[in-house]
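Read through the structure below, which is laid out as structure tokens, and then see the notes.
Laboratory data are not the source of any read-out in this text; all were calculated from the coordinates shown. The model shown is predicted, which means the values in this text are computed figures rather than measured ones. Reconstructed Cβ throughout: ideal geometry from the backbone, glycine too, with neighbour counts over all protein chains shown.
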Amino acid sequence: MNEKTMLDDQHYENMIAEESVCNAENLVYEKPSKVLYDTPMHYCPGCGHGVVHRLLAEVIEELGITSDIIGVAPVGCSVLAYNYLNIDMSEAAHGRASAVATGIKRVLPEKYVFSYQGDGDLAAIGTGETIHTCNRGENILILFINNGIYGMTGGQMAPTTLPNMKSTTSPFGRDVETMGSPLKITELVAQLPGTYYVTRQSVHKPVNVRKTKKAILKAFEYQKLKKGTCFIEVVSNCPSNWKMNPVESNKWLDENMLPFYPLGDIKVPDKNLQTDD
Amino acid sequence: MAKVKGDIVIDIEKCKGCELCMDACPQDSLERSKQVNKKGYLYIVKVEDNCTGCTNCALVCPDGVITVYRQTAKNKEQIAKITNVTGDITVTVKE
């Protein structure tokens, strides 16, 4: 216990009171420290990226595939994902993470491969790569974090920005007539024959966090069976660029993003074709 | 019915004070501190002793700073444990 903690009387009292319950056999939840480094993340307070990183680490730790997994980091806020995950990672050019993941998977077909991309990266700059990767049905997992804005560069309009949503390049709100409608890329790739499992989840509530974890777990299981591309969209928040505090941003997400991007499985594997279970 | 007893430990130096755990806690047992940590954030502390160990706070925490403990059924039976000063005699009282 350091000096700073000692100064905080209230916290110190809590520490004494909790001695009875806080021991190893009562542990129910802790950070997946084997895969997730102890480094503090650079993300803004309340950002959904941290939760998705943690879920990914939990799944990798549970499946015990730490040495058999290769990730591809995008350009965007999550560009430094390799600083937080204790697995093999590669960096790709802007939007090309799924193309790089294809190459890795083809050279090393026994490894699990995933790409972790944001909405500006996957839906704007890498639209072609994404659609063709899904169409070819590469056995990779594409993890798509959709917060409706270009977060890293300062809140410019992305293809997924909602109608009438303000951003630095659409200061009066997104005008659908001149700027087009938001791109529902998840529905788009669900129509392609190469995709096997396409789902949309979020991480703004504990129940959604649990569902997202299950989706990631399923996707890696399908990848092991060589079923085709798995695509998981995670609707997330961006408190800094939406100019809200984290709690407000999650509420805004619930009220505005989710009616437009409904949660749930969009393409589920045909149960008749499944040989396992 | 006896209440489930849980507890959490918050790594205050890594906490960014986003308050998502406060929002997710069904027992309202979390509060913002009055002091800042090394990075200058008002970190979160547990103020009420009514935690049930539901793990909601830990699930929504973007920085994974919360560790959750919950008393198991086996431990609940044991209502008191008395150990003498030298630690060679331990008396355990069960329900």
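List, in the order given, every pair from A:LYS105/A:LYS267; A:LYS34/B:LYS39; A:LYS105/A:LYS226; A:LYS111/A:LYS224 whose Cα-Cα distance in the structure shown is over 18 Å.
A:LYS105/A:LYS267; A:LYS34/B:LYS39
With an 8 Å cut-off on Cα pairs and a minimum separation of 6 or more residues, tell me the relative contact order of chain A in percent.
Computed value for chain A: 17 percent relative contact order.
Report, for segment A:42-267, the % of DSSP beta bridges that are antiparallel, rounded to 5.
Around 20 percent antiparallel, to the nearest 5.
Expressed as cubic angstrom per residue, what is the convex hull volume of the alpha carbon set of segment A:142-192?
79 Å³
Please give the average number of partner chain Cβ atoms lying within 10 Å of the Cβ of each residue in A:39-51, rounded to a whole number.
Going residue by residue through A:39-51 and averaging, the value is 5.
Using only atoms on other chains, find how many Cβ atoms lie within 10 Å of each Cβ of peptide B:8-19 and report the average.
5
Whole-Å semi-axes of segment A:66-202's equivalent ellipsoid, largest first, each the root of 5 times a Cα gyration tensor eigenvalue? Each step should come with its number before you reach the end.
On the way: eigenvalues 154, 61, 23 Å².
Sorted largest first and rounded, they come to 28, 17, 11 Å.
Which value in deg cm²/dmol, rounded to the nearest 500, describes the helix-derived mean residue ellipticity at 222 nm for the protein assembly as shown, given -39,500 (n - 2.57) per DSSP H run of n ≥ 4 and division by the residue count? Walk me through the numbers before you get to the answer.
Details: 13 runs with 106 residues, N = 372.
Helix-only estimate at 222 nm: -7500 deg cm²/dmol.
For chain A, modelled as a Gaussian network with Cα springs under 10 Å, which listed residue fluctuates most, A:LYS205, A:LYS224, A:LYS213?
Highest fluctuation of the listed residues: A:LYS205.
Tally Lys and Arg at +1 and Asp and Glu at -1 over the other residues with C-beta under 12 Å from the C-beta of A:GLY76: what net charge comes out?
After counting each charged neighbour, the total is -3.
Where both partners of a DSSP beta bridge lie in segment A:36-119, what percent of those bridges are antiparallel, to the nearest 5?
If we restrict to bridges inside segment A:36-119, about 10 percent are antiparallel.
Take every DSSP beta bridge with both residues inside segment A:74-201 and express the antiparallel ones as a percent of the total, to the nearest 5. Display every interim value, and only then the final one.
On the way: 3 of 8 bridges.
Close to 40 percent.
What's the local net charge at A:THR130, with K and R +1, D and E -1, over the other residues with C-beta under 12 Å away?
Cβ neighbours under 12 Å give a net charge of -3.
Using alpha carbon coordinates only, what is the Rg to Rh ratio of segment A:91-136, with Rh defined as the Kirkwood radius?
Here Rg/Rh amounts to 0.96.
Once a ≥ b ≥ c are taken as the square roots of the eigenvalues of the Cα gyration tensor of chain A, is the result rounded (a/c under 1.5), prolate (a/b larger than b/c) or oblate (a/b not larger than b/c)?
oblate
Can you give the average number of partner chain beta-carbon atoms within 10 Å of each beta-carbon in peptide A:243-250, as a whole number?
Mean inter-chain Cβ contacts per residue within 10 Å come to 3.
To the nearest µm²/s, what D does Stokes-Einstein give for segment A:186-236 at 4 °C and 1.567 mPa s, using the Kirkwood radius over alpha carbon pairs as Rh?
In µm²/s, the coefficient is 115.
Excluding A:THR199 itself, what net charge comes from residues whose Cβ is under 13 Å from its Cβ, given Lys and Arg +1 and Asp and Glu -1? Write out the running numbers ahead of the final one.
Working: positive: A:ARG200, A:LYS211, A:LYS213, A:LYS214, A:LYS218, A:LYS267; negative: A:GLU187, A:GLU233, A:ASP265.
So the environment of A:THR199 carries a net charge of +3.
How would you classify segment A:120-267 from its alpha-carbon gyration tensor, with a ≥ b ≥ c the square roots of the eigenvalues: rounded for a/c under 1.5, else prolate if a/b is greater than b/c, otherwise oblate?
It comes out oblate by the Cα gyration axes.
Show me A:153-162, A:67-76, A:167-176, A:188-197 ranked by packing, highest mean number of other Cβ atoms within 10 Å first.
A:67-76, A:153-162, A:188-197, A:167-176
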